[in-house]
1. I'd like to check something: does segment 185-196 contain any residue that is in a strand (DSSP E or B), within 23 Å of LEU63 (Cβ to Cβ), open to solvent by 70 Å² or more (accessible area, probe 1.4 Å) and modelled with pLDDT of 65 or more?
2. How about segment 121-179: which of its residues are among the hydrophobic types (A, V, I, L, M, F, W, C), part of a helix (DSSP H, G or I) and farther than 26 Å from LYS104 by Cα?
3. Conditions: (1) within 15 Å of HIS183 (Cα to Cα); (2) at pLDDT below 75; (3) among the β-branched types (Val, Ile, Thr). VAL11 meets all but one. Number of the miss?
4. Out of all the residues in segment 138-192, which are of a type in the set (Gly, Ala, Ser) and within 22 Å of ASN66 (Cβ to Cβ)?
5. Here is a check on your reading of the model: is VAL111 surrounded by 14 or more Cβ atoms within 10 Å (Cβ to Cβ), modelled with pLDDT of 80 or more and either polar (S, T, N, Q) or in a helix (DSSP H, G or I) (or both)?
Amino acid sequence: MLYTYDPILVVVSVVVAVVGAYSCFDLISQIRKHPLASHEFLLIGASFAIGGSIWSMHFLAMLAVNLPVEIRYDFFTTLVSGLASVLVTAVALLIVLPANNQNKRIAAAGVLMGLGIACMHYIGMSAIRGNCLATYSSVWVIASLLVAIVASTVALWAAVTVQRTWKRFVAALIMGLSISGMHFTAMLGTTFLSIDNAVAFAQPVISTHRLGSAIALMTFVIVGWAVQFAGD
């Protein structure tokens with residue numbers, strides 16, 4: 001089944017990924033400046049910033065896909081994909097924040113976060129409900145895993161080493177493009193097969209309009225984190 005992309009939504013999805021990455025890097029820099037009592041709050045913010053932006057980027061990019069059939073998303077599977085993204089990001093940041101054995105910690109956390117991003121993607125894809133079935137090429141699945149791991153490792157390295165604002169922006173741009181690259185690499189190996197019989201949507205499902213509203217809310221949260229700490 002052939003499909004096309006809405007270029008505007010593709011661009012918006014990349015922008016969300018970049019903003020989320022910048023928010024995360026900025027919050028990590030605040031963790032290094034603020035007293036230990038503030039770390040838990042800032043770590044949660046950083047986890048939601050990058051984890052939420054990864055989730056938002058994925059579903060914005062999926063909303064950009066124009067298929068000849070109607071699709072919706074299973075609510076609980078979609079929720080699990082978002083929680084997986086945030087939780088794995090939190091664990092990765094907990095691993096990488098201590099100063100000792102920094103390179104080993106970055107490498108380990110990068111692998112974990114990359115695998116988490118890939119899991120979020122394919123869990124999110126499994127939430128699709130409609131008259132089509134998504135299948136995957138094993139070669140492109142492996143390629144998307146490698147892109148996710150490399151992107152995550154670079155991002156975590158930047159998060160703990162880059163201090164200047166303009167450098168954080170460049171690092172966030174690279175991270176945002178890398179996250180988007182992982183998604184579209186995975187999509188290159190995705191084939192949508194048409195199902196002849198009409199499928200009745202099981203409840204609860206999310207319409208694309210409601211999903212778009214949820215993404216918009218998450219995006220506002222991410223941008224709020226960026227704006228709040230931009231001046232620090």
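The values are calculated or read from the model by the stated rules, or taken from the named source; none is laboratory data. All figures in this text were calculated on a predicted structure; none of them were measured in a lab. Virtual Cβ from ideal backbone geometry, glycine too; neighbours counted across all protein chains shown. Remember, those area values only see protein heavy atoms, side chains included, never the ligands or the DNA or RNA. Shrake-Rupley method; radii C 1.70, N 1.55, O 1.52, S 1.80 Å.
1. Yes - at least one qualifying residue is present in segment 185-196.
2. Correct list: ILE123, MET125, VAL139, TRP140, TRP166.
3. (2)
4. SER144, SER180, GLY181, ALA186, GLY189
5. yes
Okay, residues lined up against (1) open to solvent by less than 40 Å² (accessible area, probe 1.4 Å); (2) over 17 Å from THR190 (Cβ atoms); (3) at pLDDT 85 or above:
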{"position": "LEU67", "(1), (2), (3)": "yes, no, no"}
{"position": "PHE75", "(1), (2), (3)": "no, yes, no"}
{"position": "LYS104", "(1), (2), (3)": "no, yes, yes"}
{"position": "MET120", "(1), (2), (3)": "yes, no, yes"}
{"position": "ILE123", "(1), (2), (3)": "no, no, yes"}
{"position": "CYS132", "(1), (2), (3)": "yes, no, no"}
{"position": "VAL147", "(1), (2), (3)": "no, no, yes"}
